[in-house]
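Below is one structure, written out as structure tokens; comments come after it.
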Amino acid sequence: MSTLQNIFAIPELRRRIMFTLAMLAVYRVGCHVPTPGIDAHVLAKFFEGTEGTLLGLVSAFTGGALSQMAVFALGIMPYISASIIMQLLTVVFEPVEKLSKEGEQGRKKITQYTRYGTIVLAIIQGTGIATGLQGMVGPAGEPVVPNPGMGFILMTVITLTAGTAFIMWLGEQITERGIGNGISLIIFAGIVAGTPSAIVNSLRLVETGAMTVTTIVFILALMLLVVAAIVYMESARRRVPIHYAKRVVGMRNMGGQASHLPLKINMSGVIPPIFASSIMMFPATIANFIDAPWVKTVSAYLAPSHWVYNVFYIAFIVFFCYFYTAITFNPVNVSENIKNQGGFVPGIRPGKETADYLDTVLGRLTFAGAIYISLVCVLPTLLINQLNVPFFFGGTSLLIVVGVGMDTASQIEAHLISRSYEGFMKGVSLKGRHG
């Protein structure tokens, strides 16, 4: 209670927290405002049993807005996709790379291009969704869209694109005037919105005898262990020692100090499981629209309950971990920067040997991080199949929720410490997550 009093005793921090909560409330209201021209009851029946498909994954990230086809149905995913594309272009496209090195002005330009890319992707995705909705029918053959046509497509595209643009604006406002990263908090709110229904479904299974109290206790204990493991792994760093040689600047001796280069175990964040999930769930999603025997067969082998799915899923996670780390961390550039600053790794020659050493260390860390992410992401499937758990626990969603929670807590901690209050987490120093 004293910690909470400390938080609300700071006017600026209190104002930021209340603003953040208000913006998240606006987002949740928008997730329940339906898009015109759609029969919501038929659509709800169509989305029944989409768990384990791409539709189920995106619906979970949007807090159920996609399954209700609300104005926020696209969620913030177009913005995330545009951000990832711009990040990749920063590495492989020279003009964008030059922009990233121009300081604040360059970053503003990249942010502007990211917004334009978000609108373009939202229009493309909105057009695809509007076209697909016209062909959807319920179990009894009733159409999802009673009055299809070009008018419905145009209205739906405008509505969904405007919803995505508004969410993007909400996220930027939270980042600027609230607490934490706005885009991450919007994803966080969408994921945790399904928690109450998951609790209710679990209690119903206990009442009917489908799940025992022992199973519930075991799941809760396992959840605590997994969350603790994620916090530990996301906070872990491999500190590469860096020594700086002494040098004379004017009348002073500079340097002669020791530092370190912190390397995260999970350098790629949640990008690998998101990409891997999208690829693996694509066949199951296509199977909902194509009534062909071979498609159904492939979809059955690549269902989350099948071992073939898990093998390919882990393989894709490992691949994207190495791929994304390779394009975001360049050992050659890092070693050159260390050399230019008069630094060196003890026992390693500056230049190429330092780059090779960093590449070896990074490769080992990436392998450990890939195994860690794979274990967390495969856990939901095992729980659902073996313990009959009525919700997805673990995977990308849990990584995002824990990561955003750590980042937000670290920002609150910084506000408290800067004003000589006791920290939000007693005896714990939280490090902000970047990337």
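Just so it is clear, none of the values below were taken in a lab; they were calculated from the coordinates. Source: prediction; values computed, not measured. Cβ: placed from backbone, ideal geometry, glycine included. Neighbour counts: every protein chain shown.
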For Arg115, net neighbour charge (Lys/Arg +1, Asp/Glu -1) across residues whose Cβ lies under 14 Å away: +2
FRET E, pair Lys352, Phe319, Förster distance 35 Å, beta-carbon r, rounded to 0.05: 0.85
How high is the FRET efficiency between Ala44 and Ser259 when r is their beta carbon distance and R₀ equals 51 Å, given to the nearest 0.05? 0.35
Quickly rank 233-241, 125-133 as a protection proxy: mean count of other C-beta atoms within 10 Å, highest first. 125-133, 233-241
Along Cα→Cβ, 7 Å out, is where each label goes; now give me the distance between the ones at Ala162 and Ala210 in nm to one decimal. 4.0 nm
Peptides 404-412, 361-369 ordered by average Cβ neighbours within 10 Å, highest first: 404-412, 361-369
Taking the highest mean first, how do the peptides 312-322, 180-190 order by number of other beta carbon atoms within 10 angstrom per residue? 180-190, 312-322
Pseudo-spin-label distance Glu94 to Arg238, built 7 Å along Cα→Cβ, given in nm, is 3.3 nm
By how many nm would the segment from Val311 to Arg15 lengthen if fully extended, with 0.36 nm per residue of separation less the alpha-carbon distance? 101.8 nm
Using θ = phi - 60° and Karplus 6.51 cos²θ - 1.76 cosθ + 1.60, couplings along region 16-29 (whole Hz; Gly, Pro as x): 5, 5, 5, 5, 4, 5, 5, 5, 5, 5, 4, 4, 5, 5
Spin-label zone in region 343-357 - amide nitrogen under 14 Å from a point set 7 Å from the Cα of Ala245 along the C-beta vector: 343-351
